[in-house]
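This report refers to the structure that appears directly beneath it.
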Amino acid sequence: MWNYSFILPDFIILFTFWVYYFAHPRLPIKLNRRFLFILIVNIITVTSDVVSSLALENASYFSYCALRIFNTIFFFFFILRSLCFFLFTEDVLDLHSKRKSLLSLVKHFVFIFSELIALSNLFFDTIFSISATCIYTRGSFYNLIYICAFYYLALAFLQILFHRKKVDSPLFVALLSFNLVLSVGYIFRILFPQYLVMNFFALLSIIIIFITFENPIYFLSSKAKAFNKSALHVILKEYECKRNPLVLAFVIRNYNELREIYSPAQMDRGISLISLFLMKKYPRLLRFYLRDGRFVLVGQDNSKSDKIREEISMRFSHGWRAGFDVDLYLEPKFVQFADGIDFSNSKKISSALFAAFKEAESLESVNILITDETLKGIEETTRIKRAVEYAVENNSVEMFLQPLMDSNDYRLVGAEALARIRDENGNLIPPGLFIPIAEKNGRINSMGEQMFEKACEFIHNHDIEKIGISWINVNLSPIQFLRPDLNKRFSQILGKYKVPAEKIHLEITEESMIDYALLQKQIQSMRSSGFQFVLDDYGSGYSNMSRLKKCPFINIKLDMGIVRDYFKDRDKILPSLVQAFKQMNFTVTAEGVENLEMVEIMKKIGCDFLQGFYFSKPLPAEEFAKVYG
């Protein structure tokens, strides 16, 4: 009557998944619990499918009541399985907050109605009927199981497509794939009802889910036998709805240096010993190892974090036996969250944690406490990051110009182009805040190129000689200066606006001089195209006179810091420095001149050009043209 060819492989593979699930550490998250529930429901569905089919084929050995119960159980779990796969799709898309919507109520109504019809088969012939002579036939509501199944599949596909931006491409494909496999399975069951093949397609869907979402290898650190960074992001997301959870972290001080001293093998052994200690001492806490000597403990109750920190510190006061007669003496530096921290934004919590790790590694002996102020700083950084990305992607980085004045007669001779961006309210964001973020997220290249092009466009559209300037200084970040195609790209922009290269002076900072060979090569290449270079912010970095002597700069700009320091302590260093630059045939610009006294003294010690608020603050390019035109 029925073909059981697919059943035995189904049982074997499902049982293998069951064993494998409990054989490895797993995060206590909703997605893992849902997967376990899918396994349980599938095992019961397959079992009840076989039992009910065998019972009908051997009806003489079973009572009429038993036959009804067996088949009712099968249809109950058959319908439940459809819901389980759909709910897993929702879990991946993180749609829990929308469960109180009208759509969700309709979704649950369909499930409840279908299950009530299935259970009613204990008393009425709804989905199936069994005659007094034990003949099994389909009931008038039999197709309800398919209506219910395809209803959930349709909802799943709609939600996957509607929320596709919430998951990356591999996960998106996996969601589509296992739901598509289920669809094919239901079609096969309709076309070939004599084969118990639907369970096989459900198993294929489970395999796709396991490979993509449930493989524990993705979340384990082999070195420390603990969860990894990806797992930490997942658990912090899961803890968004919890109040005052425990998140205690520590990093081994000078980890990389100690790794060189003790040897990598011994340090790896030490990491394993630390992880083993944490596992035995705190079995109820989740352990994470984030590489480079960074550990994190996560639990339910933050009130115990101080006690745990003291216990861990006490253990570190003794050595870790990493081999025969080899003890590792290590020092932990702790990062923990203050009581009452809002964990509702996992990305903010994660960013704060990793920022605190970096701070702890840079400080000598201070533990880090993450407070609400820390999270506000992270939120501000995120806000600025969004503004940077928007400005770069929409070519809305604004060019402001600040005048450069001749120190002899205070006549306008040039201008510096300064990048400015605005927040969502139209307010300017200080460059000291957005420039470092643009450098970290890689947007500084596009931003710098936009500024260069805007400077060229300004020169093309205005009579700059009438305005009174002979050139515009454009800043190059150290990251942008590393680009091997910089000369080609900038030359193309010059050609586009028909601007002579000598009208643009490129400012680079001392940080760009770290790789002196690259500096020489890049400057030589660009000078061949007519570009001229200015050394910006001299005194804020670590360049030396011997290097400067070999570099073809046309101008040295004194950092406003050393200019202001000179007015606090009038020593002979700055005047001697300026004279040394003059003897090396550099012109000198003093930045940050804010009053008449600074202007006169900087002129007296030999500065050729002056720049600062005494003359003008940076102005929007068009306003600059009107003021000086």
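The values are calculated or read from the model by the stated rules, or taken from the named source; none is laboratory data. A quick note: this is a predicted structure, and the numbers were derived from the prediction, not measured. Cβ coordinates were reconstructed from backbone atoms using ideal geometry, including for glycine residues, and neighbour counts include every protein chain displayed. For accessibility, only protein heavy atoms count, side chains too; no ligands or nucleic acids. Shrake-Rupley method; radii C 1.70, N 1.55, O 1.52, S 1.80 Å.
For the stretch 608-623, take each phi angle, set θ = phi - 60°, evaluate the Karplus expression 6.51 cos²θ - 1.76 cosθ + 1.60, and give the result in whole Hz per residue in order, putting x for glycine and proline.
In residue order, the calculated couplings are 7, 10, 10, 9, x, 5, 4, 8, 5, 6, x, 10, x, 3, 5, 5 Hz.
So for the pair F277, I112, with labels modelled 7 Å out along Cα→Cβ, what separation do we get in nm?
Going by the 7 Å Cα→Cβ label model, 5.5 nm.
At a 1.4 Å probe radius, which order do C84, C241, C134, C65 fall into by accessible area, largest first?
C241, C65, C134, C84
What's the extension gain from I12 to L105 if we count 0.36 nm per residue and subtract their Cα-Cα distance? Walk me through the intermediate numbers first.
Details: separation 93, 0.36 × 93 = 33.48 nm, distance 3.72 nm.
Additional length available on full extension: 29.8 nm.
From the residues A455, M526, L548, which one has its Cα farthest along the dipole of the stretch 403-549 in the positive direction, the dipole being from +1 and -1 charges on Cβ of Lys/Arg and Asp/Glu about the Cα centre?
M526
Per 10 Å bin, what is the whole-percent P(r) computed from every C-alpha pair distance within the stretch 439-524?
Reading the bins upward from 0: 16, 48, 28, 7, 0.
Along the stretch 13-19, what does the Karplus equation 6.51 cos²θ - 1.76 cosθ + 1.60 (θ = phi - 60°) give for ³J(HN,Hα), rounded to whole Hz, x for Gly and Pro?
Along the stretch 13-19, the couplings run 5, 4, 5, 4, 4, 4, 5 Hz.
By what distance, in whole Å, do the Cα atoms of the stretch 1-62 stretch along each of the three principal axes, largest value first?
So the extents along the principal axes, rounded to whole Å, are 48, 19, 15.
Based on the alpha-carbon set only, what is the convex hull volume of the chain divided per residue, in Å³?
236 Å³
Expressed as an acute angle from 0 to 90° and rounded to the nearest 10, what is the orientation of the C-alpha long axis of helix 516-527 relative to the principal long axis of the chain?
Once rounded, one gets 70 degrees.
Leaving out ligands and nucleic acids, note down the accessible area per residue over the chain with a 1.4 angstrom probe, in whole Å².
Working: 30940 Å² over 629 residues.
Per residue, the chain has 49 Å² of solvent-accessible surface.
Which shape class applies to the stretch 201-323: rounded if a/c is under 1.5, otherwise prolate when a/b exceeds b/c and oblate if not, where a ≥ b ≥ c are the square roots of the Cα gyration tensor eigenvalues?
Oblate shape, in that a/c is at least 1.5 and b/c is the bigger or equal ratio.
As a quick test, which of the pairs K466/K603; K165/K347; K521/K549; K496/K617; K166/K348; K30/K304 have an alpha carbon distance above 20 angstrom in this structure?
K466/K603; K496/K617; K30/K304
Percent antiparallel among DSSP beta bridges with both residues in the chain, to the nearest 5? Please report the intermediate quantities before stating the final value.
On the way: 37 of 66 bridges.
Percentage antiparallel, nearest 5: 55.
As a check on your grasp of the helix formula, calculate [θ] at 222 nm for the chain: sum -39500 (n - 2.57) over DSSP H runs of n ≥ 4, divide by the residue count, round to the nearest 500.
-17500 deg cm²/dmol
Return a whole-number percent for the relative contact order of the stretch 54-180, with Cα pairs under 8 Å and 6 or more residues apart as the contact set.
Relative contact order comes out at 28 percent.
Quote the accessible area belonging to W471 in square angstrom, nearest 10, computed with a 1.4 Å probe and with ligands, DNA and RNA left uncounted.
Surface accessible to solvent at W471 totals approximately 40 Å².
When the Kirkwood radius is taken over all Cα pairs of the stretch 338-477, what Stokes-Einstein diffusion coefficient follows at 37 °C and 0.692 mPa s, in µm²/s? Kindly include the intermediate steps, with their values, before the conclusion.
Numbers: Rh = 17.7 Å.
For the chosen part, D equals 185 µm²/s.
Rounded to the nearest 0.05, what FRET efficiency do L433 and V51 have when you use their Cβ-Cβ distance and R0 = 60 Å?
Efficiency computed from Cβ-Cβ geometry: 0.35.
Sort M198, M279 from largest to smallest accessible area, using a 1.4 Å probe on the heavy atoms of the protein chains. All intermediate terms of the calculation are to be shown ahead of the outcome.
Numbers: M198 5, M279 85 Å².
Per-residue accessible area, sorted high to low, gives M279, M198.
Roughly how many whole Å is it from the C-alpha centroid of the stretch 144-176 to that of the stretch 419-493?
Using only Cα atoms, the two centres lie 45 Å from each other.
About its Cα centre, what dipole magnitude does the stretch 169-315 give when the only charges are +1 on Lys and Arg Cβ and -1 on Asp and Glu Cβ, stated in debye to the nearest 20?
With Lys and Arg at +1 and Asp and Glu at -1, about 380 debye.
Using a 1.4 angstrom probe on heavy atoms only, work out the carbon and sulfur share of the accessible area of the stretch 15-77 in %.
74 percent
Counting alpha carbon pairs within less than 8 Å and at least 6 residues apart, what relative contact order, in whole percent, applies to the chain? Walk me through the intermediate numbers first.
Values: 885 pairs, mean separation 51.4, N = 629.
It rounds to 8 percent for the chain.
Using Cα atoms only, what is the angle between the long axis of helix 372-393 and the major principal axis of the chain, expressed in degrees (0 to 90) to the nearest 10?
For 372-393 against the chain, the angle is about 80 degrees.
With θ taken as phi - 60° and the coefficients 6.51, -1.76 and 1.60, list the Karplus ³J(HN,Hα) couplings across the stretch 415-424 in order, rounded to whole Hz; mark glycine and proline as x.
Computed from phi, the couplings for the stretch 415-424 are 8, 9, 7, 10, 6, 9, 10, 10, 7, 5 Hz.
Return the carbon/sulfur percentage of the accessible area of the stretch 186-315, one whole number, probe 1.4 Å, all protein chains in place.
55 percent
Using 0.36 nm per residue, how much length does the chain from S140 to D168 gain when fully extended, once their Cα-Cα distance is taken away?
5.7 nm
May I ask which residue of C134, I384, P575 lies farthest towards the positive end of the charge dipole of the chain, with charges of +1 (Lys, Arg) and -1 (Asp, Glu) on Cβ and the Cα centre as origin?
Of the candidates, C134 comes out farthest on the positive side.
Only Lys, Arg, Asp and Glu count, each charged at its Cβ (+1, +1, -1, -1), so figure out the dipole size of the chain about its Cα centre, rounded to 20 debye.
Around 1420 debye, computed over the chain.
Can you give me the angle between helix 305-316 and the longest principal axis of the chain, using Cα atoms only, in degrees from 0 to 90, rounded to the nearest 10?
80 degrees
Taking the alpha-carbon centroid of each part, what is the distance from the stretch 313-368 to the stretch 207-285 in angstrom?
12 Å
Please name which of A415, N473, V499 has its Cα lying farthest along the dipole of the stretch 414-521 towards the positive end, using unit charges on Cβ (Lys, Arg +1; Asp, Glu -1) and the Cα centre as origin.
Farthest towards the positive end: V499.
In debye, nearest 20: dipole of the stretch 410-507 around its Cα centre with unit charges on the Cβ of K, R (+) and D, E (-)?
Dipole size: approximately 140 debye.
If you build the convex hull over the alpha carbons only and average its shadow over all orientations, what do you get for the stretch 469-508? Give it in nm² to one decimal.
Details: hull surface 11.5 nm².
The number I arrive at for the stretch 469-508 is 2.9 nm².
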